[in-house]
Amino acid sequence: MAATDTAHTTAPGVDLPPAPPRRKGSVTRAPGEKALVASPSTWFVWAGVAAFFIFLIGILVSVVVDSLGKPWFDTWLPENFTTDWYTGAWDRFGMAQIIGVTLTVAIVVIVLSVLIGVPAAYLLARRNFPFKRIITLLFLLPVLMPPITYGIPLATVMYNFGLGRSLVAVILVNLVPSVPFVIMTMTPFIEQINPTIENAARMSGANMRQVFTKILGPLLVPGILAASVLVLVRTVGMFELTYLVSGPQTDTLVVAIYRAMTASGGGEARQLVSSMAVVYTVTMMVILIIALRYVSPTQLVARVKESRED
Amino acid sequence: MSAPAVRRPRAEKSTASRRHRLAERGIDTSLLMLVPALVFAVALFIYPFTYGIGLTFQPSLAMQEQWGAGIWSNYVAFFKDPFIFDSIYLTMRLALPVALFNVLASIPVAFKLRHKFRGKKTLTILLVLPITLGTVLTAQGLLIFAGRQGWLNRFLVQIGLIDQPLTLVNNYWGVVFSLVISGFPFAFLLISSYLSGIDPSIEAAAKTMGAGWFQRFRRIILPLLAPGLATTFILTFVLAFSVFPSARLVGDAMGETRVMALMAYRAFGELNDYPMASTIAIMMGLVELVVIALVLVWRSFMYKGSTGGKG
C-alpha cells in the first residue's frame, strides 16, 4: 500500500520515474524504497478504522450470538445454543408475509423510479429548457428534506384518500425519495456518455425511442444497476416513511422489527427481535454483495479515473 | 431562473415556424419525457406539502383553547411549549457534531484508501456494509454489545480500565454511536467518490513544483473537494437530523434525545393531532434548511469550478 498523498520531499525537479510512491517522512530516500514504519498519520487512520470495525463487528456478532443463545445473562457467552428463536420469530410475526411485502415494495419501487427517473435525468443532463433550475430544485428537495417533514403531510393525505395502511401507500411514499435519488445518480452517468454517439444515431435516422433503447440503454446499464442497488438498499432500509403509513398487513421488515422492539409492555423477548434483525441483515448483505459484483461503490458519483500513480 | 434563451439579433418577425422557434428555446416534444417525473413530483410532493402547510393553520380545538391564538395556535404552541421547543436544541446537539465528525473523519480515511493496495476492495465493502444494517439492527446490536452486561463493558472492566460499567446506551451517546455507525460509511463513500474525481495530474504537477503534502492539501485538494465536502456534510446532516428510531431505541426518548422527529411522530401517531404534527414537521424542515443555507453560503466562498470527471 502506498500513500502518495503524504509528503515525499525528494528534491523538486528530479526526474522521477514512475516508481512506487513513497510515504510521508521519506525525507531522503532512494526512489523505489519504502518506509518500514508507517507515519503517525497512517497509524492514526488505521486505529480509527479499527475502532470502527470493533464496534461494527461487536454489534453484529452480539446480535447473532444473542439470537442463538439460550439463556444469556451475565456471562461472556450463552450457556446453550439453539435455533428456537428463529422458528419462534418466524411463526410469531408471520415472517413470510413480512418478507414478501418487503420484496414486493422494493421491486415495484425500483421499477417505477427507474422508469420515471431515467428520462428526466437524461433531459436534465443534456438539455437546456425554460425553468430548468426550478425543476432541478424540485427534484432535489425530497432528498434534502428530513423524511418526516414531507412524510407527515403525505401520510395525512394518504389517510384522507383511504389509502392508509395499504400496500399502495407504502409504495407511493417510498417513491418520493427514490425518484430524486435515481435522477441524482443517473445524471453523472449520462453526462459522461459522449453526445456525439447520440448525434450520430440521430443523423442516421434514429428517433428518440430508438436512441434510448439502442444507444443509451446499453451504455447506461451500469448506471441503472447502481441506481437500482441504491434504491433497493434505501427502500428495504427505509423506516420513517414506511412506518407512517404501514399497518399490520403491510409492514416491511424494518418496521416490523421496530414494532416488536417497542411493543407495549416492554417489547417482545430480546432474542426474538435479534433473530429478526439477523434475518434482515443477512437479506441486505446478500443483496449488497451480489450488487457489488456489478457496481463499484465509488463509481456512484464519478467514474473512477484510476490514479496514474498506482 | 429560466435558461438563457437564445437572443435573436433584432425583434423582427421570425419567418421560422412556431415549432422551430420553440425548439430554438429548447422546447420540443422530447420534453414530454419529463412529464412522468413532474406528475410524480406534483402529486406526491408539492400537493401533500402545501396541504400540510394549510393544515398547520387549522389547529385542533384543544390547541386553540390552550394557546388562544386562533389559526396561529399551532405555531404559538410550537414556540411557547418548552417540551416541544427544546427539541430543536436537542436535535441540533446530536446532528451537528455527528455530521461534522462523519465528514472530518472520512477525509483522512478516504485519503489513505485512495491508492491501490491488497484488500482494498474488501475493505471498501466492509466499510460500506453498515449502510445495510439500518438503524434498527444497529440499535439492537448497540443495546446488547454496549449495554451494561455487554462485551464492551465486560472487556473494559476485566482489563481494569474501569470499575463500573459505562452507561453507553439509553442516553445521548447511544444515539451518537448509532448515528456514526450508519452515517460514517455513507460519508466515506461520497468523499472517496469525490476524491477520485480529482485529476491526479494536478497534484502531480504541484508535487513537481515542490509543494509539500500540507500545501498540496490546502491549496489543491481542499478547494477542489470543498463542493463535495459541503454536499456530504448536508447529506449526513440530513440523515442525522431526522433520527427517529435510534433516538427512541438507544436514546432517552423523553429526555436527552427528545428529537424533533420524535415529537412530530408523537403528535401524529399517538395524539392523532395531524395539524400539530404537520407544524412540527414543517418547522423541522425550516430549521434544517437554515443549516443547509449556511453550508451553501460557506461553499460559495470556496473555489467553484470543474473538478474534472464529474461535471
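The values are calculated or read from the model by the stated rules, or taken from the named source; none is laboratory data. Keep in mind it's a predicted model, so treat the numbers as computed, not measured. Because the Cβ atoms are built from the backbone with ideal geometry, glycine has one as well, and the counts that use them run over all protein chains shown.
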Top-ranked residue in segment B:240-250 [being more than 9 Å from every other protein chain (Cβ to nearest Cβ) and part of a helix (DSSP H, G or I); ranked as farthest from B:SER193 (Cα to Cα)]: B:ALA247
Can we say A:LEU172 is in the same structural domain as A:ALA226 (by TED's automatic domain parsing), touching a Phe, Trp or Tyr at 6+ places or on another chain (Cβ under 9 Å) and either buried (at least 17 other Cβ atoms within 10 Å of the Cβ) or not in a loop (DSSP other than H, G, I, E, B) (or both)? no
Of all residues in segment B:98-133, which are farther than 22 Å from A:TRP46 by Cα and either surrounded by fewer than 21 Cβ atoms within 10 Å (Cβ to Cβ) or of a type in the set (Ser, Thr, Tyr) (or both)? B:THR132
Return a yes/no flag: does segment B:51-64 have any residue that is in contact with a Ser or Thr (Cβ under 7 Å, 6 or more places away or on another chain), at the interface with chain A (Cβ under 9 Å from one of its Cβ atoms) and free of Cβ contacts under 8 Å to residues at least 40 places away in the same chain. no
Test: residue in segment A:155-163 that is in a helix (DSSP H, G or I), crowded, with 18+ Cβ neighbours inside 10 Å and in contact (Cβ under 8 Å) with a residue 24 or more places away in the chain: yes
Working only within segment B:61-81, note down all residues that are surrounded by fewer than 17 Cβ atoms within 10 Å (Cβ to Cβ) and either touching a His at 6+ places or on another chain (Cβ under 9 Å) or not hydrophobic (A, V, I, L, M, F, W, C) (or both). B:GLU65, B:GLN66, B:GLY68, B:GLY70, B:LYS80, B:ASP81
Filter segment A:209-246 down to the residues that are within 30 Å of A:GLY164 (Cα to Cα) and within 12 Å of the chain's Cα centre (by Cα) and list them by number. A:ALA227, A:SER228, A:VAL229, A:LEU230, A:VAL231, A:LEU232, A:VAL233, A:ARG234, A:THR235, A:VAL236, A:GLY237, A:MET238
From A:PHE131, A:PHE139, which residue is on the phi > 0 side of the Ramachandran plot, within 12 Å of chain B (Cβ to nearest Cβ) and aromatic (Phe, Trp, Tyr)? A:PHE131
Condition first: under 17 Å from B:ILE84 (Cβ atoms), at the interface with chain A (Cβ under 9 Å from one of its Cβ atoms), in contact (Cβ under 8 Å) with a residue 60 or more places away in the chain and in contact with a helix residue (DSSP H, G or I) (Cβ under 8 Å, 6 or more places away or on another chain). Can you find one or more residues in segment B:296-307 that meet it? no
Can you name the residue in segment A:186-201 that is assigned to a helix (DSSP H, G or I) and within 11 Å of another protein chain (Cβ to nearest Cβ) and, of all such residues, is surrounded by the most Cβ atoms within 10 Å (Cβ to Cβ)? A:PHE189
From A:ILE183, A:ILE215, A:ILE197, residue being within 17 Å of A:ARG126 (Cα to Cα) and touching a residue at least 24 places away in the same chain (Cβ under 8 Å): A:ILE183
Given A:VAL286, A:VAL211, A:VAL233, which one is at the interface with chain B (Cβ under 10 Å from one of its Cβ atoms), in a helix (DSSP H, G or I) and more than 26 Å from B:VAL39 (Cα to Cα)? A:VAL286
Selected residue [within 13 Å of another protein chain (Cβ to nearest Cβ), assigned to a helix (DSSP H, G or I) and over 21 Å from the mean Cα position of the chain (by Cα)] from B:THR91, B:THR122: B:THR122
Of all residues being closer than 21 Å to A:LEU60 by Cα, in contact (Cβ under 8 Å) with a residue 24 or more places away in the chain and among the aromatic types (Phe, Trp, Tyr) in segment B:166-197, which is surrounded by the fewest Cβ atoms within 10 Å (Cβ to Cβ)? Just the residue, please. B:PHE186
Lone qualifier among B:THR138, B:THR122 - being among the hydroxyl-bearing types (Ser, Thr, Tyr) and either in contact (Cβ under 8 Å) with a residue 40 or more places away in the chain or touching a strand residue (DSSP E or B) at 6+ places or on another chain (Cβ under 6 Å) (or both): B:THR138
